[in-house]
Amino acid sequence: NLSAALPDGRLAFGGRTGMTIFDPLAIQEGQTALPVVLTSLKINNETAEPGNSASPLTASVNSLETLELNHTQNFLTFEFAGLELAKPQQIQYRYRLSEVDKGWVNSGTQQTANYTQLGSGEYTFEVISTNADGVWGTNPKRLKVIIHPPWWATWWAYSLYALALGSIIYWFVKNRLSQLRQRQEMELKRRESEQLKAVD
């Protein structure tokens, strides 16, 4: 095999299948954190499995971009892991849930995040990790979570409430006006009767 150092510091290696050029400066050991994956999701303390009729997962939780839940599925436990095979016990984690956490939550080496009694709305769960050398990653794993409101708190339910309230107010006002009109008519008849008596 032939080898040569190029003027810019790269090394060239010749072999049977051609030439390979290698840049030693491109290697910075321990400077990149490997990706984080979501390994499991528990809903109301039950592990959600894709394919289970009772589970909202259509695929593995790590492959999902959006997770849709109903209002009773609001106790969530996310489990995650960094893809560092050499020294996994040295990986540190941070996570946050939008609309709940004000900033990143440092969980140390703990690989779970728990959230209870989440209200209906849209959230984004994010988690990042370090590598074995303590360097934090810059691309968090994200999962959008949508918790739908109960039927009685949806827009169409509120529309029905408004319609019912409007009908009650309309009936009340109409009934009140009818009573006032009847009183006025009775008062008018009473006055007419008194005037007729006075004339007689």
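Only the coordinates and a few stated rules stand behind these numbers; no lab work does. What you see is a predicted model, and the numbers here were worked out from it, not measured in a lab. Positions of Cβ are backbone-derived with ideal geometry, glycine not excepted, and every protein chain shown enters the neighbour counts.
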- Select from GLN89, VAL145, TYR158 the residue farthest towards the positive end of the dipole of the range 63-200; place +1 on Cβ of Lys and Arg, -1 on Cβ of Asp and Glu, and compute about the Cα centre. TYR158
- Residue span ASN62 to THR47: 0.36 nm per residue of separation minus Cα-Cα distance leaves a gain in nm of 4.0 nm
- Task: Of the listed values (1) 1.51; (2) 0.95; (3) 1.01, grab the one calculated as Rg/Rh (Cα atoms, Kirkwood Rh) from the structure here.
- Result: (1)
- Query: Within the chain, what is the longest stretch that has no GluC sites (Glu not before Pro) placed in a DSSP loop and near at most 15 other beta-carbon atoms within 10 Å?
  - Reply: 100-200
- The size of the Cβ-based charge dipole (Lys, Arg +1; Asp, Glu -1) of the chain about the Cα centre, to the nearest 20 debye, is 800 debye
- Query: TRP104 versus ILE168, label points 7 Å from Cα toward the beta carbon: distance in nm?
  - Reply: 5.2 nm
- Query: Per-residue HN-Hα couplings for the range 123-136, Karplus 6.51 cos²θ - 1.76 cosθ + 1.60 at θ = phi - 60°, whole Hz, x for Gly and Pro?
  - Reply: 10, 10, 8, 10, 9, 10, 9, 9, 8, 5, 8, x, 8, 6
- Message: Students often forget the sequence filter, so: which lysines lie under 16 Å Cα-Cα from LYS189 once same-chain residues fewer than 8 apart are removed?
- Response: LYS197
